[in-house]
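Let me begin by presenting the structure, written as structure tokens, before commenting on it.
The values are calculated or read from the model by the stated rules, or taken from the named source; none is laboratory data. Since the model is a prediction, treat every value here as computed from it, not as a measurement. Every residue, glycine as well, gets a Cβ built from its backbone with ideal geometry; the counts of neighbours run over all protein chains shown.
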Amino acid sequence: MRREIRIMQRLNHPHIAKLFDTVETEKEIILVLEFVGGGSTHGFLKSKPNRRMQEHEAVKIFAQLYSSLSYLH
């Protein structure tokens, strides 16, 4: 867990939630992350007719995913 926290602290990308702080107690480690509004992808799809995105919406989301995964790799 500590190794992952160190890695998360170094990440700086617009499509990856930032880790601001950690609080460690005897029983748990609390991660303070950037708030990412807008809801989940599942909720977004549920609001769409036939639960499908328009192509321009899918392209935008795919580009963000590709950008963040490329950064991580």
Review point. If S67 passes every condition in (1) assigned by TED's automatic domain parsing to the domain that holds H15; (2) surrounded by 10 or more Cβ atoms within 10 Å (Cβ to Cβ) but one, which one does it miss?
Key: (1)
Check your understanding: Which condition breaks for K48 when tested against (1) more than 13 Å from H15 (Cβ to Cβ); (2) under 17 Å from the mean Cα position of the chain (by Cα)?
Key -> (2)
Practice item. Could you list all residues from region 32-58 that are farther than 27 Å from D21 by Cβ and surrounded by 11 or more Cβ atoms within 10 Å (Cβ to Cβ)? Key: F44, L45, K48, M53, E57, A58
Point to revise | From the options V32, V36, residue that is in a loop (DSSP other than H, G, I, E, B) and either closer than 25 Å to I5 by Cβ or assigned by TED's automatic domain parsing to the domain that holds E4 (or both) | key: V36
Practice item. Can you confirm whether region 14-26 contains a residue that is among the aromatic types (F, W, Y) and either part of a loop (DSSP other than H, G, I, E, B) or under 28 Å from M1 (Cα atoms) (or both)? Key: yes
Practice item. Take region 7-31 and flag every residue that is exposed (fewer than 10 other Cβ atoms within 10 Å of the Cβ) and either touching a Leu at 6+ places or on another chain (Cβ under 9 Å) or among the charged types (D, E, K, R) (or both). Key: R10, D21, V23, E26, K27, E28
Point to revise | Selection within region 48-73 - part of a helix (DSSP H, G or I), at negative phi and of a type outside the set (A, V, I, L, M) | key: P49, E55, H56, E57, K60, F62, Q64, Y66, S67, S68, S70, Y71
